[in-house]
Structure formats: structure tokens, C-alpha cells
1. Going residue by residue through the stretch 168-184, is there one that turns out to be among the β-branched types (Val, Ile, Thr), out of contact with any Leu (no Cβ under 9 Å at 6 or more places or on another chain), open to solvent by less than 50 Å² (accessible area, probe 1.4 Å) and touching a residue at least 60 places away in the same chain (Cβ under 8 Å)?
2. Determine, yes or no, whether ALA238 is aliphatic (A, V, I, L, M), surrounded by fewer than 21 Cβ atoms within 10 Å (Cβ to Cβ) and either farther than 30 Å from LYS50 by Cα or modelled with pLDDT under 95 (or both).
3. Out of the residues in the stretch 192-211 that are open to solvent by less than 20 Å² (accessible area, probe 1.4 Å) and at pLDDT 95 or above, which is farthest from LEU148 (Cα to Cα)?
4. Tell me, yes or no, whether the stretch 152-166 has at least one residue that is without any contact (Cβ under 8 Å) to a residue 24 or more places away in the chain and among the small types (Gly, Ala, Ser).
5. Please determine whether any residue of the stretch 80-103 is acidic (Asp, Glu), in contact with an Asp or Glu (Cβ under 8 Å, 6 or more places away or on another chain) and in a strand (DSSP E or B).
Amino acid sequence: MRRKAVYRKTICSFIFTGILFSMPAFADDLLIAAGAGYRQFVEALTKDFKDQNDVNVERTYGNMGQVAAQVKMGTGIQLVVGDHRYLSTSGVNYMDYHTVGEGKLVLAWREGLKLASPDALRDAERFARIALPDTEKAVYGRAGSEYLQRSGLDTAIDDERLLKVGTVPQATTYVASGDVDAGFINLTDAKANAERLGGYMVLDDHHEPIRIVAATTATHSEDNVVRRFITYTKSDKAHDIATAHGL
């Protein structure tokens, strides 16, 4: 009898767990995914939104390929913050795109070096290793690659000198640690890590404009908390946060 009671208790536990995990999130829960290079910006933005609206905001970060995979898996992501050009061609059914800022490509270099212009990258002795984020899934990897090609620097920098990494934060880490001499990152990450870098410069030309948006996923575009967040991103405070983080 005792064995049967334990069995019934175990079965009930599994049933309860299944019900628990199948329950929808509370109406005021918000799940946002973002490119890893915008972690500091999204953290600041969501903290202010939470303080003003008393809602729970969960965040997840990765390269945009990872984010797209999560959305396609139906993980409950309601909003995605990232590059419009990538999001609009990712195969994910986003309903709306709301601009939150303009991304800035940056060339950063390690401590102990000085760089007057990007042409200094032609010097293979001083800049033997250069970090470049994923050119397919990371917008600043693509922008960095465009910059190299359109500026003509690609003819002086062969693949052996390029260290290709997954995300902007990885590129920043390699520059900050001195494992590479320079790297293409974004202004958001450069500002957040300025004390760990030798310096950086913004590269405004030789690449396509980078429009950073908050994209609403199709099944959640009319969620009340989603609409409230989108309205918030148009506020002066949200604009100030974006500016402070290099957007």
C-alpha cells in the first residue's frame, strides 16, 4: 500500500509540474532578447522601465543567430532588440520594428598602443591580430567587414591577422586582455569598457547605417506590457539612456 501511495504522489507531482510549466506568464511579465553587445543598454533601459511600471522584465542575450533560434523555438520572447537589417531578414515573423537608436561602429585598441587613423592597421608588426565579430550573425562584424572592404584595408589585412569571434563582448574582451591589438566593436561596449582599453575611435563611414530597433514578435505584439514598453522607448528618458550608451 505504501508503495502505491508513493507512486500516486510521484504521478501527481509530475502532473503539477507539467501544469506549472505550461502556465502562461503573468500579464505584466516581459521577456526581452537582445544582441550581446547591447547588454548594458538594455539593462539600463529595462531597469528604468521596471521602476516606472512595477513589472517583471526578464532578459536574455546572445548573438543574433542565437536570438533568432530562441524566438523560432517559441520560448515566449516578446521583444527583440537588435539591428533592423538582420532582424528583417532572419526568417522570424516580427510584427513591428520600433527604432531605439543608431548603432556606432568602433575600432578599439589595446593599452600600450596609439592609433591616429584606421590606416595604422596596415602595420602588421604593431597590429598583428585584429578581432572581428561574426560577420553573419553580429551586426558589427558585418559592419567591420564592410569597413575593411570599402576603405581598402582588406588588401593589407589577410585572414591570418583576423581573429573571428562570436560577439562584440568577446571582441572587447580580447582587446582589453591584450590578446589582440585591435578589434571592431560598438560604441556601447567601448563606453562600458573604456578603462580597460587603450583607446577607440568611431567609424561613421564605409559601412551601411545601423538602425537599432525593438521588434515585437508576432504572437505578442498586442500584449499590454509590450505596448507599454514600446511607448516608453519613445520617451525622453529612454532617449537619454540610449544616448548615454552610444546610440
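The values are calculated or read from the model by the stated rules, or taken from the named source; none is laboratory data. All values reported here derive from a predicted model rather than from experimental measurement. Glycine also receives a Cβ, built like all others from the backbone with ideal geometry; neighbour counts cover every protein chain displayed. The protein model used for the area step is the full one, side chains on, heavy atoms only, and it has no ligands, DNA or RNA in it. Shrake-Rupley method; radii C 1.70, N 1.55, O 1.52, S 1.80 Å.
1. First, the residues of the stretch 168-184 that are among the β-branched types (Val, Ile, Thr): 168, 172-173, 175, 180.
Filter again for out of contact with any Leu (no Cβ under 9 Å at 6 or more places or on another chain), leaving 168, 173.
Checking the rest, the ones that are also open to solvent by less than 50 Å² (accessible area, probe 1.4 Å) come to 168.
Next cut, touching a residue at least 60 places away in the same chain (Cβ under 8 Å) only: 168.
Within the stretch 168-184, one or more residues are among the β-branched types (Val, Ile, Thr), out of contact with any Leu (no Cβ under 9 Å at 6 or more places or on another chain), open to solvent by less than 50 Å² (accessible area, probe 1.4 Å) and touching a residue at least 60 places away in the same chain (Cβ under 8 Å).
2. Numbers: aliphatic (A, V, I, L, M): yes; surrounded by fewer than 21 Cβ atoms within 10 Å (Cβ to Cβ): yes; either farther than 30 Å from LYS50 by Cα or modelled with pLDDT under 95 (or both): no.
No; evaluated as a whole, the condition is false for this residue.
3. Only one residue tops the list, namely LEU197.
4. As a first pass, look at the stretch 152-166 and keep what is without any contact (Cβ under 8 Å) to a residue 24 or more places away in the chain: 152, 154-155, 158-160.
So of that shortlist, the ones also among the small types (Gly, Ala, Ser) come out as 152.
Within the stretch 152-166 (the criterion being without any contact (Cβ under 8 Å) to a residue 24 or more places away in the chain and among the small types (Gly, Ala, Ser)), the answer is yes, since at least one residue qualifies.
5. Initially, the stretch 80-103 is screened for residues acidic (Asp, Glu), giving 83, 96, 102.
Those still in the list that are in contact with an Asp or Glu (Cβ under 8 Å, 6 or more places away or on another chain) too: none.
Checked against the condition, which is being acidic (Asp, Glu), in contact with an Asp or Glu (Cβ under 8 Å, 6 or more places away or on another chain) and in a strand (DSSP E or B), the stretch 80-103 yields no hits at all.
One line per residue, one yes/no per condition, for (1) open to solvent by 70 Å² or more (accessible area, probe 1.4 Å); (2) among the small types (Gly, Ala, Ser):
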position: SER88; (1), (2): no, yes
position: THR99; (1), (2): yes, no
position: LEU107; (1), (2): no, no
position: LEU121; (1), (2): no, no
position: ARG129; (1), (2): yes, no
position: TYR147; (1), (2): no, no
